[in-house]
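Rule-based calculations on the coordinates, nothing more; no lab input. Quick caveat, the model's predicted, so the values are computed rather than measured. Neighbour counts run over all protein chains shown; Cβ positions are idealised from the backbone, glycine included.
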Amino acid sequence: MMDLAQQLAATQALIDDRISSFLPEPAGPAARLLAAMRHSIHGGKRVRGFITIKAAEMFGLATVTVLPAAIAMEFMHAASLIHDDMPCIDASPMRRGQASCHTEFDEHTALLAGDALIIRAFELLASLRTSGLNAEAVLRVIGEFAEATGAMGLIGGEAADIEAENEEPEAGLLNFIHTNKTAKLIVAAGRSGAILAGVEQTALRTLTEYAHHLGLLFQITDDILDATASEAELGKPVGADKALQKMTYPALLGVEGSRQRAQEVAGMAIAAAEALPAYNDLWIELVNLLLQRDK
């Protein structure tokens, strides 16, 4: 059996090979918009898509069936990065080792490309109704995805993140920001795969707990890397959180305190992973990989 690194690489290769086929070719009056969408889906580790696929496999659903849902997660993530990078938010000229969307194209194209990727993500989830999956499960996934990514989820967390700039770090608000802007999409990725596969409620609750802690860990380590890594390692500017006076764990606890908090959250994720019905080692390895990430 492949180890985690090999499985991640295989999933990344699969998604990278197929992802552009889920977008129209850049032609006609909307060619520039479509080119911007394609530009912005390049790169990334495809962790969210990986989680969707492995959660589905864990409960018996084949990768080919759940692939549109996995790519929907990646489209939503890419859209959030496009908007994050724009001059009115984080003003980042680079993303994933290449020019950010508004830098490569322009601001209005980037704004619309992000919007279009969000809509396309919902189209892909709706398309699952034609694949023989339970219609109620597909509808549930769409509803949960909307909640996880809207004003009470990802977008709400992004808004709170922006409004908290220059504010004194506060643990409750910081947890709200991290939970919503990062963890909820990772939770949605796992739950979507599992629900489509017909998971039972007890296992779904455990998977949700695992994905929540994994999402928090992902953002804590991201905050640490912004404070400690180089631009070459991350493929984007570093030190942006401090420059913008973002509310982050290093701002609240310092780098070493943040590393300790990451260990605590990792422990909670591992405890949940051990209670899952299958793939326990894989889910635990994913936690350890995030703890050790350097980009």
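Couple of notes before you dig in:
- Additional length obtainable on full extension of the chain from Ser127 to Asn288, 0.36 nm per residue less Cα span: 54.5 nm
- 5 angstrom amide H check on Arg95, placed H, neighbours 5+ away: Ser100
- For the range 184-275, the relative contact order works out to 34 percent when only alpha carbon pairs closer than 8 Å and six or more residues apart are counted.
- Nitroxide proxy distance, nm - points 7 Å out along Cα→Cβ at Asp16 and Asn134: 3.6 nm
- Projecting label points 7 angstrom from Cα along Cα→Cβ for Asn280 and Leu204 puts them 2.4 nm apart.
- Most fluctuating residue given options Ser80, Ser21, Ser40, as computed from a GNM of the chain linking Cα atoms under 10 Å: Ser21
- Residue order for Ile71, Ile177, Ile51, Ile284, fewest other beta carbons within 10 angstrom first, comes to Ile284, Ile177, Ile71, Ile51.
- Ranking Leu253, Leu290, Gly267 by how far each Cα lies toward the positive end of the dipole of the range 236-291 (charges on Cβ) leaves Leu253 at the top.
- J(HN,Hα) series, the range 223-228, from Karplus relation 6.51 cos²θ - 1.76 cosθ + 1.60, nearest Hz, glycine and proline x: 4, 5, 5, 4, 8, 10
- Using θ = phi - 60° in the Karplus curve 6.51 cos²θ - 1.76 cosθ + 1.60, the 3J(HN,Hα) couplings for the range 182-199 round to 10, 5, 5, 5, 5, 4, 4, 4, x, 5, 4, x, 5, 5, 4, 7, x, 4 Hz; x is entered for Gly and Pro.
- Given (i) 36; (ii) 31; (iii) 40, the label whose value is percent of Cα pairs over 29 Å apart derived from this model: (ii)
- Candidates Ala243, Ala269, Ala55: whichever shows maximal mean-square fluctuation once the chain is modelled as a Gaussian network with Cα springs under 10 Å: Ala243
- Each residue of the range 201-218 was assigned a 3J(HN,Hα) from its phi angle through the Karplus expression (A = 6.51, B = -1.76, C = 1.60, θ = phi - 60°), giving 4, 4, 5, 5, 4, 5, 4, 4, 4, 4, 5, 4, 5, 4, x, 4, 4, 4 Hz with x at Gly and Pro.
- Note on the chain: with a GNM built from Cα contacts shorter than 10 Å, the maximum mean-square fluctuation among Ala240, Ala135, Ala27 falls on Ala27.
- Label-point separation in nm, Glu165 to Ala146, each point 7 Å along Cα→Cβ: 3.1 nm
- Percent RCO, i.e. relative contact order, over the range 4-291, from Cα pairs under 8 Å lying at least 6 residues apart: 19 percent
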